[in-house]
1. Going by the conditions given, is Glu185 within 16 Å of the chain's Cα centre (by Cα) and modelled with pLDDT of 75 or more?
2. Within the set of pairs 6+ apart or on separate chains, which have a first residue in region 92-119 that is on the phi < 0 side of the Ramachandran plot, a second that is in a loop (DSSP other than H, G, I, E, B) and modelled with pLDDT under 65, and C-beta atoms under 8 Å apart?
3. Right, Leu8: within 30 Å of Pro129 (Cα to Cα) and free of Cβ contacts under 8 Å to residues at least 60 places away in the same chain or not?
4. In region 75-88, is there at least one residue being closer than 29 Å to Lys134 by Cβ, modelled with pLDDT of 85 or more, more than 23 Å from the chain's Cα centre (by Cα) and among the basic types (Lys, Arg)?
5. Determine which member of the set Gly35, Gly14 is modelled with pLDDT of 90 or more and either among the basic types (Lys, Arg) or touching a helix residue (DSSP H, G or I) at 6+ places or on another chain (Cβ under 9 Å) (or both).
6. What are the residues in region 38-85 that are of a type in the set (Ser, Thr, Tyr), part of a strand (DSSP E or B) and out of contact with any Leu (no Cβ under 9 Å at 6 or more places or on another chain), if any?
7. Take the conditions at pLDDT 75 or above, surrounded by 13 or more Cβ atoms within 10 Å (Cβ to Cβ) and under 27 Å from Gly14 (Cα atoms) and apply them to Glu100. Does it pass?
8. Looking only at region 2-9, decide whether some residue is in the same structural domain as Gly88 (by TED's automatic domain parsing) and within 17 Å of Val70 (Cβ to Cβ).
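The values are calculated or read from the model by the stated rules, or taken from the named source; none is laboratory data. These numbers come from a predicted model, not from an experiment. For neighbour counting, all protein chains shown are included, and Cβ atoms are generated from backbone atoms with ideal geometry for every residue, glycine included.
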Amino acid sequence: MEQANHFLANNDVGISDIRYIIREEGKTSVYTNDGRVLKTYIPVKSFIMLLSTENFININKGVLLSRASVAEVHKSVYTTVDGRRFDGRHRALKEHLKNEIALSLPGVPINQRYSMLDKMPIGFCVIEPVYNDKGMFEDFVFRYCNEHFTSIVHAPVCDLTGKSLKSILKVYNKKRLMRLCSVAEKGGDRFVRDHIADSENFFDIYCFQPEKGLCACVVIEE
């Protein structure tokens, strides 16, 4: 990592100057926004350790991209602003999907994206799938809840955001929730009728994909 830092400093390359760093022809190539290509034997791994994940994405072995340089993500293929295409890890499609979402909505907090629904007199929430180490669906977490939804579950927004469905739902039907995971991943819509929290009443829950990787739920009490 120290070698990588010295290399960048000696070549007058700042973090914002880097477009991408890749392994090619037995060397590490640092491509800059001003058109330079700097070659070194310092491994890409050293640059990965040095550079923050806030600004860079390691999409595959020997491929480190600046987030600012990515123009498009489609499945596992990343296209940069100069037109080059890089293949991401083929077994990490969920990771690429999350990167696509993050890159398409930079700096816009999710609560702001849905703030026009804060006062809607119908329950509404946005949930995101959580996967285990093997990439299998495990649970959902709340990403946005409007005021009416918080009254249904008897909990303030601050206690719901980032919290898992397992801790909120009275009846946790994983098989049923896997259908909602499919909505988040592939789109489409679903209808679910279930209890929520400690309520004895049934709720009609209409689910759809508001943006890639998320599932929105409109909740209407019976």
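1. Yes.
2. Hits for this filter: Arg113/Leu105.
3. Working: within 30 Å of Pro129 (Cα to Cα): no; free of Cβ contacts under 8 Å to residues at least 60 places away in the same chain: yes.
The answer is no for Leu8.
4. No, that holds for no residue.
5. Gly14
6. Those that are of a type in the set (Ser, Thr, Tyr), part of a strand (DSSP E or B) and out of contact with any Leu (no Cβ under 9 Å at 6 or more places or on another chain): Thr40, Thr79.
7. no
8. No, region 2-9 contains no residue that is in the same structural domain as Gly88 (by TED's automatic domain parsing) and within 17 Å of Val70 (Cβ to Cβ).
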